[in-house]
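Worksheet for the structure shown next.
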Amino acid sequence: MTTYYTDEHEWIRVDGEIGTVGITDYAQEALGDIVFVELPEVGATHKKGDEAAVVESVKAASEIYAPVDGEVTEVNDALEGEPALVNSSAEADGWFYKVKITNTADLEGLMDADAYKKFVEGLN
């Protein structure tokens, strides 16, 4: 599995043709306590950059953008009852949805872990 990052602080962990999408630890920390997550519908299709989900925190509401073209195959139902999972485990149990990637070329423009780390360091 390979994990890629966007400059909007989403991550996508790719295993074959399926990607698991969430927000980074940096993003959840910036948002503060997550109080609500609106997940996409299973079967929905998104183009890279489309709004795919919404996360609300005590500070603000933020759109989650699709990092790649694809069809949503599964959502993390645990977030509906426990949105704070995003805070406690942003890059593991707090994932948002899984997508069947339809355009693997979309991955080429994303950052690897080292590049994302440098990107975040540049923000501080």
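The values are calculated or read from the model by the stated rules, or taken from the named source; none is laboratory data. All values derive from a computational prediction rather than experimental measurement. Cβ placement follows ideal geometry from the backbone for every residue including glycine, while neighbour counts extend to all protein chains displayed. With ligands, DNA and RNA removed, areas are computed over all heavy atoms of the protein, side chains included. Shrake-Rupley method; radii C 1.70, N 1.55, O 1.52, S 1.80 Å.
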(Q) Tell me yes or no: at least one residue of region 4-17 is surrounded by fewer than 21 Cβ atoms within 10 Å (Cβ to Cβ), modelled with pLDDT of 95 or more, out of contact with any helix residue (DSSP H, G or I) (no Cβ under 8 Å at 6 or more places or on another chain) and farther than 27 Å from A115 by Cβ. (A) no
Q: Return the only residue of E56, E63, E80, E29 being outside any loop (DSSP other than H, G, I, E, B), under 11 Å from the mean Cα position of the chain (by Cα), charged (D, E, K, R) and surrounded by fewer than 21 Cβ atoms within 10 Å (Cβ to Cβ).
A: E63
Q.
Of everything in region 83-104, what is among the charged types (D, E, K, R) and either open to solvent by 60 Å² or more (accessible area, probe 1.4 Å) or in contact with a Phe, Trp or Tyr (Cβ under 8 Å, 6 or more places away or on another chain) (or both)? Give them in sequence order.
A. E91, D93, K100
Q) Got a sec? Which of E108, E74, E121, E91 is part of a helix (DSSP H, G or I), within 21 Å of H46 (Cβ to Cβ) and of a type outside the set (S, T, N, Q)? A) E108
Q) With respect to V120, is the statement that it is touching a helix residue (DSSP H, G or I) at 6+ places or on another chain (Cβ under 6 Å) and of a type in the set (A, V, I, L, M) true? A) yes
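Residue-wise test of (1) of a type in the set (K, R); (2) at pLDDT below 95; (3) under 19 Å from R13 (Cβ atoms).
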| position | (1), (2), (3) |
| --- | --- |
| V42 | no, no, yes |
| K47 | yes, no, no |
| E51 | no, no, no |
| A61 | no, yes, no |
| V72 | no, no, yes |
| D77 | no, no, yes |
| E80 | no, yes, no |
| K100 | yes, no, yes |
